[in-house]
1. Report the residues of the range A:1-22 in range of a label on A:E57: point 7 Å along Cα→C-beta, backbone N strictly under 18 Å from it.
2. Fewest Cβ neighbours within 10 Å first, please rank A:E177, A:E5 accordingly.
3. Enter the Cα centre distance for the pair the range B:154-227 and the range B:30-108, rounded to the nearest angstrom.
4. Please report, in debye to the nearest 20, how large the charge dipole of chain A is about its Cα centre when each Lys and Arg carries +1 at its beta carbon and each Asp and Glu carries -1 there.
5. Using the Cα atoms as the points, what is the convex hull volume per residue of the range B:2-239 in Å³?
6. Under 19 Å Cα-Cα from A:K63, which aspartates and glutamates qualify once same-chain neighbours fewer than 8 residues away are excluded?
7. Where does the charge balance sit around A:G227 when Lys and Arg score +1, Asp and Glu -1, over other residues with C-beta under 11 Å from its C-beta?
8. For a footprinting-style exposure proxy, rank A:D176, A:D219 by other Cβ within 10 Å, fewest first.
Amino acid sequence: MALLEVEDLTKSFGGVTAIADLSFQVPEDRVYSVIGPNGAGKTTLFNMLCGIYVPDEGCIRFKGEEIIGRQPHRVAMLGVSRTFQNLQMFFNMSVLDNVMVGCHLRTRSGLISAALRLPRVIHEEKQARQWARAALEVCNLDHFIDQRADALPYGVLKRLEIARALAANPSLLMMDEPAAGLNETETLEMRNLIRRICDAGVTVLLVEHNMGLVMQVSDRILVLDYGSRLAEGTPAEIQNDPNVIQAYLGGEVQYAV
Amino acid sequence: MKRLTGFWAFTVFLVLLPIAFPDNYYVTVVGGTALLNAILAVGLNLLMGYAGQISLGHAAFFGIGAYSSAILTTRYGWNAWPAMAAGFAFTGLLAFLVARPILRLKGHYLAMATLGLGIIVHITLVQTEGLTGGPDGLSGIPGLSLFGWAVDSDLRWYMVMSATLLLVLWLALNIIASRSGRALRALHGSEVAAEMMGIDTTATKTGVFVVAALTASLAGSLFAHQQAFISPDSFSFFFSIELVTMVVLGGMASTYGAIFGALVLTFLPELLVVFEDYEVMIFGAILMLMMIFLPQGLFVGLQNLLRRLWARRPAAAPEGDSHGAA
């Protein structure tokens, strides 16, 4: 069964249709990429999938459950986590605290038990710190653990967002342009990281402009154009799809893979 | 127990102060007021400094706590403690009810709404003369007594205020270093990311708003019993602004900073009395200069300054290091 099913999704903003009648399915334990030119509706799609926007029509099912109408934090409860195109770091916090926020849903204690520092709060804190450490290690960030987030370079912050999302132990990780602004070495590192995450059993939904990265890392690719589906298939299929070549890649295709 | 080092140091400081300066007006009388303000500032700092939600009407909850205690004890003959508890519960309920609609707003709009809340409560205190005594206030509020230990001297009030502040401080420090505290800072940092991490931002904001209001209510009850007389003047818009100034002056998102701000803002006018007519002018100038030169707040600013000086001490250390620390 597909982890995420999208059916006949439509969203318009004041007469401009951002997503039109879009359907696709994201299989479990795979890297599924969404590509398309700027303005194709990728970020709008992401925002609908995680509950920030409410679609005009259609349905989105995650693990068979309808998620439309749920607030983002209630979508997150189902096991959806994401990163952002423009960094949404908690710059007022340390690296460890940032990632520990990611453990929010895996811990329970409320305001009152926290204020009284009950034993179970102390236990939970220890547990959350361990989870956060593990997530930082996956992203090769363990040596930044005690630093403040606002003191870190861009490339590190990109990975920190992923670590924070992973700390939630999600079934689906949505990444919005994780390689944007990264240099070649960092992009390579990002590719390996995405693969590692997927191999660890987390389904990855990726939006990315770096075609080299997308072609290497994806199991399936969905091509959007003006909010609708232009093509869908494996990287090889997409590279040879005449529609894609003509409409999106503009004639000839050359990949430095 | 590194987390609570500051707390224990502060406890020792509060205990030693009246021993070192017995019967000192500045310690027991001004100090008592400063501690009361510090209680309010610690609560407000959770809302403003940590969760990043401004309130320009915090005096309202302080006033509701004070008037609940005053009205129930003087008009209905209640004992002080149940009256305080009733005020506490009432303030909490009220804060909970107004929190949702108000905290939907952001930035300037939130400032406006909380300002409105403060003004409404102030006007209600002035207008409902039958209950509150109107502009003339309420007098004859009985003092507090704890298991036969009557809080009847300035020194004893100093002790009660100190104990309450330490309790509030301890609770606040615990909240900050917990899942809930991280949620507060997270929604300050990025509301959308906080939501995506599963934080119910509406509930979190409501929670911290209620906590800040409850702290203010507690302070208000203590204030009423300490003063024996209260009038709406103490709970006006100006006091709300003063509280915000304490938090900002000390350094946002620093609990000790909020306490420091409260102490400075309470003592400064007392010390400036010698300038007579120019008192207010000099007070304003000092505030301006502090914000210009220590924009992160007095406490945080001084802390950083000390840290920088400390880092410079080993002169052999490479230049780059001290720059990095700066």
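Where a number appears in this text, it was derived from the coordinates with a stated rule and is not lab data. Note that the coordinates shown come from a computational prediction; the quantities given were computed from them, not determined experimentally. Methodologically, a virtual Cβ is constructed for each residue, glycine included, from the backbone with ideal geometry; neighbour enumeration extends over all protein chains shown.
1. A:6-22
2. A:E5, A:E177
3. Each part reduced to its Cα centre gives a spacing of 11 Å.
4. Working: 24 positive and 31 negative charges, 237 e Å.
Approximately 1140 debye in magnitude.
5. Numbers: hull volume 30.4 nm³, N = 238.
For the range B:2-239, the hull spanned by Cα atoms encloses 128 Å³ per residue.
6. Counting by Cα, and skipping residues close in sequence, A:K63 has these aspartates and glutamates nearby: A:E5, A:E7, A:D8, A:E28, A:D29.
7. On the way: positive: A:K11, A:K42, A:R229; negative: A:D21, A:D225.
Taking every Cβ under 11 Å from that of A:G227, the sum is +1.
8. Working: A:D176 22, A:D219 16.
In increasing order of surrounding Cβ atoms, one gets A:D219, A:D176.
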